[in-house]
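This report concerns only the one structure given below.
The values are calculated or read from the model by the stated rules, or taken from the named source; none is laboratory data. Just so it is clear, the model here is predicted, and its values are computed rather than measured. Glycine also receives a Cβ, built like all others from the backbone with ideal geometry; neighbour counts cover every protein chain displayed.
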Amino acid sequence: MDFLRRYLASPPAVIGLVLLALVLAMAASADLLFPRDPLGLAGRPLQWPLANPRFWLGTDNMGRDIAAQVFHGARISLLIALVSTALAIVIGVVVGAVAGFYGGIVDDVLMRVTEAFQILPNFLLLLVLVAVFGSTLTTVTIAIGIVSWPASARLTRAEFLSLRNRDFVAACRGLGMGDARLIFAEILPNALPPVIVYAGVIMAVAILLESALAFLSLSDPNVPSWGNLIGAGRSVLRTQWYVSAIPGVAILVTVLAVSLVGQGLNDALNPRLRRR
Amino acid sequence: MNLSRRDLLRGASALGLAAAMPGIAGAADAPKPGGVLTVHLPTEQRILNPALRASTGVYVITSKIIEALVDLGPDGRPVGVLASEWEATPDGRNVTFKLREGVKWHDGKPFTAADVQFTAMELWKKQLNYGTQLQQHLEAVDTPDPQTAIFRYARPMPLNLLLRALCDLGYIVPRHLYEGTNVLENPANTAPIGTGPFRFVQYERGQFVIAEKNPNYWRQNLPYLDRIVWRFITDKSAATAAVETGQVQISPYNGLSLADLDRLKSDPRFDVSTRGTEANAFNNTLEFNTRRKELSDVRVRRAIAHAIDVDFFIENFLYGQGKPATGPIPSSSTAFYPGGEPPYRFDRKKAEALLDEAGYKRGAGGQRFSLRLVPINNGEDVPLLATFIQQSLGQIGIKVEIVQLDIAGALTTVYRDWNFDIATGWHQYRGDPAVSTTVWYRSGSPKGAPWTNQWGWQSDAVDRLIDDAAAELDPVRRKGLYADWVRAVNDELPVWMVTERQFYDVTSKTVQNDHNIPRWGSSDWRDTWLKS
């Protein structure tokens, strides 16, 4: 309750929550409002928004309804964001926890692996993965997860390093607790808040990464994603700018919402900011 | 016959082409020498030797520096360049070229028949794409004197096929630079030496190529331009901006996006036109992998063609730039075009009936079967057509999954691994069906050769028509054989030519004497000049 009150006390956090709810509502209502295939030919290509009452956001250069693609695209973007973030967090937490808990040679090996991923610009690595494994929705999502985990691994490791020598850990050891239980049941819950906050950042970046891939025509063309729509609109940018601008606004709103919520969670969870 | 051609050629070279081009806007002005012409190129091939790589992207640059034996005249008939006259023996096995006298390479050495012999035997026959096919029966090139080259063929070679093909596949490079070297790695491949109106100056990878006026050009008082600069601009929006601000004067071969081409059409500063690209017709294609059970049935292939509204696609997706194709020979190829209507008119009911008849009824969810579509991204319209195919076939119960790959990956997947159900890309026609078109239908191409028949489809009748036509000396009978061939492949449909299109060039109106022959972008530009 206390946590909820602290969260709701911050106006940006509330705005973020409202925007996020809006995007979720779009995703949930897509089938209801636009039952037809969003990638199907809907009408004459490149009709301006509001020019035709059937297409209130217009049509793109392939004659597809932009509004339908934006609504259905919300699902794809959120799906990619959630799954790839979950993947990144799971990999990152396991690697970081094991490295931070055991230290020594285990830590050295795992951190060198993490650094190997970190020194590569993650978008370049993503391009390589997609080029090798193809660009279906599944591979793109997994690839985004794979390039996004190193930061959460380092964060978890740092938390574990500071927590592993605390008294409560020593007490648990004294009670004869095994390593696995110590890591996941005792230390991890205490290490998790900063990682959860960071998940918001990963999620926002995941949406942007997918859009960037689609912009380069390297994302899955068989699903209605916002990035695909921006990529398609690129060739008519000078004359029909709305084809790229509308999904661009959708991405902006979603990334902003996720970031604001993440920031709100950080403020609410951080004990040092409690009395401000 | 022979005399009149010689007279015509003499007339053309004496007057200079500027005078021989009446009716072009601004022809009243006297050509003004000087000036720098800047040209946009959307892609970079990293090779500047047209005797090794047959591609418009190479010709746009090198045709100003290196000359061919023949080129097309304003009326689309071959005229001599390095060859001044030619003659074939009645059996079609020997073709004699008389070469122009007094022509010098840019490094000062004389041009002789030995250069022709070497280029034909070592480059065209062994290395040049399409050239290896064209010259496969070339046995030897005899050079009785420095001004005569006699091509000896094992099988009859139709003179009109050879002349049309040599406009693209007949560029001559200097023997003294290539002999005894590995021709593929010769430095002259990126720093060319030719006989043309412009001399190579500099090639900066990813940036530009510069050529300057050749003061010793064999045609007196030509060229007019001081320099030509080709700039590589891969981003289409940036290229449009460069055109609109006057940084480049010409963007050839659909170098700008379809939307910008359409927009600039109404801009009085530019000429956006297909004039001068008539010899470079191309088609949007739909290739069927007939190893797939459903697609081995010709009724299914026809049903797919019937399900796609080509008129709608051209009008709305291509801004009206094209028309439905009537077969693999485009209507701009007057010497071979057999006429006729597009063979498969849009008719969704008929498509559904054909699929039902073939035994592929709609199943659960109204779906009949699904296909993997590989787009080969030659241009921005390819993904558009891929999407349109997906949308159209969805309507008749065929689910299409688009497999997105870069162009190299797509070529490998389709032509080497055969890992596709349907594919879509471009077919380019080069003056004569035997140059780069019949290979799309003839069986026996090595696995992996791009833009050849890799569809798992073979027809003895079609193979025979292709072989007979390639060796038929009588032009009328040859045209007849190709008409039969077009009918046969339209009927069997291993590949469907969806649209017939021409490239659009964007040209600043300051450029004069432009687009005055059917392959102007790939010609020597000796008479081009700039109005200030």
Among the candidates B:336, B:346, B:313, residue that is assigned to a helix (DSSP H, G or I), buried (at least 17 other Cβ atoms within 10 Å of the Cβ) and among the hydrophobic types (A, V, I, L, M, F, W, C): B:313
Residue within the range A:94-112 that is at pLDDT 90 or above, within 14 Å of another protein chain (Cβ to nearest Cβ), within 25 Å of residue A:144 (Cα to Cα) and in a helix (DSSP H, G or I) present: no
Residue pairs meeting the criteria (Cβ under 6 Å; at least 6 apart or on separate chains; first of a type in the set (D, E, K, R), in the range B:61-85; second part of a helix (DSSP H, G or I)): B:71/B:167; B:85/B:6
Filtered residue count, the range B:222-253, keeping only those that are over 30 Å from residue B:30 (Cα atoms) and touching a Leu at 6+ places or on another chain (Cβ under 8 Å): 6
Hits in the range B:363-384 - residues which are more than 10 Å from chain A (Cβ to nearest Cβ) and more than 13 Å from residue B:407 (Cβ to Cβ): B:363, B:364, B:365, B:366, B:367, B:368, B:369, B:370, B:371, B:372
Among the residues listed as B:484, B:417, B:474, the single one being within 25 Å of residue B:518 (Cα to Cα), free of Cβ contacts under 8 Å to residues at least 40 places away in the same chain and out of contact with any Lys or Arg (no Cβ under 6 Å at 6 or more places or on another chain): B:474
Cross-chain or 6+ apart pairs with Cβ under 8 Å, the range A:120-144 first and within 15 Å of residue A:208 (Cβ to Cβ), then surrounded by fewer than 14 Cβ atoms within 10 Å (Cβ to Cβ): A:143/A:133
Test: residue in the range B:393-400 that is surrounded by 17 or more Cβ atoms within 10 Å (Cβ to Cβ) and under 30 Å from residue B:465 (Cα atoms): no
Residue satisfying condition, being under 17 Å from residue B:501 (Cβ atoms) and touching a His at 6+ places or on another chain (Cβ under 8 Å), within set B:383, B:328, B:375: B:328
Of the criteria (1) closer than 30 Å to residue A:223 by Cβ; (2) of a type in the set (A, V, I, L, M); (3) loosely packed, with under 12 Cβ neighbours inside 10 Å, which one residue A:119 fails: (1)
Residue in the range B:351-362 that is at negative phi, within 14 Å of another protein chain (Cβ to nearest Cβ) and touching a helix residue (DSSP H, G or I) at 6+ places or on another chain (Cβ under 8 Å) present: no
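Every residue, every condition in (1) closer than 30 Å to residue B:234 by Cα; (2) of a type in the set (A, V, I, L, M); (3) buried (at least 24 other Cβ atoms within 10 Å of the Cβ), yes or no:
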site	(1), (2), (3)
A:155	no, yes, no
A:173	no, no, no
A:176	no, no, no
A:194	no, no, no
A:202	no, yes, yes
A:207	yes, yes, yes
A:242	yes, no, no
A:245	yes, yes, no
A:252	yes, yes, no
Qualifying residue in the range A:178-186 (condition: closer than 28 Å to residue A:79 by Cα and crowded, with 20+ Cβ neighbours inside 10 Å): no
Selection within the range A:209-265 - in contact (Cβ under 8 Å) with a residue 60 or more places away in the chain, of a type in the set (D, E, K, R) and more than 26 Å from residue A:18 (Cα to Cα): A:220
Residue within the range A:202-222 that is under 30 Å from residue A:8 (Cα atoms), more than 14 Å from chain B (Cβ to nearest Cβ) and not in a helix (DSSP H, G or I) present: no
Residues of the range B:408-418 satisfying the condition of being surrounded by fewer than 18 Cβ atoms within 10 Å (Cβ to Cβ) and within 11 Å of chain A (Cβ to nearest Cβ): B:408, B:409
Single residue of the range A:49-60 satisfying the filter (more than 21 Å from residue B:313 (Cβ to Cβ) and touching a residue at least 40 places away in the same chain (Cβ under 8 Å)) that is surrounded by the most Cβ atoms within 10 Å (Cβ to Cβ): A:57
Count - residues of the range B:316-328 that are in a loop (DSSP other than H, G, I, E, B) and within 14 Å of chain A (Cβ to nearest Cβ): 5
Residues within the range A:223-235 that are more than 14 Å from chain B (Cβ to nearest Cβ) and modelled with pLDDT under 85, tallied: 0
Filter result (assigned to a loop (DSSP other than H, G, I, E, B), of a type outside the set (S, T, N, Q) and surrounded by 23 or more Cβ atoms within 10 Å (Cβ to Cβ)) within the range B:434-443: B:441
Test: residue in the range A:19-40 that is in contact (Cβ under 8 Å) with a residue 12 or more places away in the chain, aliphatic (A, V, I, L, M), under 25 Å from residue B:400 (Cβ atoms) and not in a helix (DSSP H, G or I): yes
Residues satisfying the stated conditions in the range A:71-94, i.e. over 11 Å from the mean Cα position of the chain (by Cα) and surrounded by fewer than 22 Cβ atoms within 10 Å (Cβ to Cβ): A:75, A:90, A:91, A:94
Residue within the range A:4-23 that is over 21 Å from residue A:204 (Cβ atoms), of a type in the set (A, V, I, L, M), surrounded by 13 or more Cβ atoms within 10 Å (Cβ to Cβ) and within 26 Å of the chain's Cα centre (by Cα) present: yes
Whichever residue in the range B:444-482 is surrounded by fewer than 22 Cβ atoms within 10 Å (Cβ to Cβ) and of a type in the set (Lys, Arg) and, among such residues, is farthest from residue B:416 (Cα to Cα): B:477
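Every residue, every condition in (1) in contact (Cβ under 8 Å) with a residue 60 or more places away in the chain; (2) away from every other protein chain (no Cβ under 14 Å); (3) within 23 Å of the chain's Cα centre (by Cα), yes or no:
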{"position": "B:181", "(1), (2), (3)": "no, yes, no"}
{"position": "B:196", "(1), (2), (3)": "yes, yes, yes"}
{"position": "B:248", "(1), (2), (3)": "yes, yes, no"}
{"position": "B:258", "(1), (2), (3)": "yes, no, yes"}
Condition check for residue B:269: closer than 28 Å to residue B:227 by Cβ, at pLDDT below 90 and surrounded by fewer than 21 Cβ atoms within 10 Å (Cβ to Cβ): no
Breaking point among (1) among the charged types (D, E, K, R); (2) more than 14 Å from every other protein chain (Cβ to nearest Cβ); (3) surrounded by fewer than 22 Cβ atoms within 10 Å (Cβ to Cβ), for residue B:430: (3)
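Residue by residue, here is whether (1) surrounded by 15 or more Cβ atoms within 10 Å (Cβ to Cβ); (2) closer than 23 Å to residue B:186 by Cβ holds:
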| residue | (1), (2) |
| --- | --- |
| B:89 | no, no |
| B:107 | no, yes |
| B:118 | yes, yes |
| B:123 | yes, yes |
| B:128 | yes, yes |
| B:134 | yes, yes |
| B:143 | yes, yes |
| B:153 | yes, no |
| B:162 | yes, no |
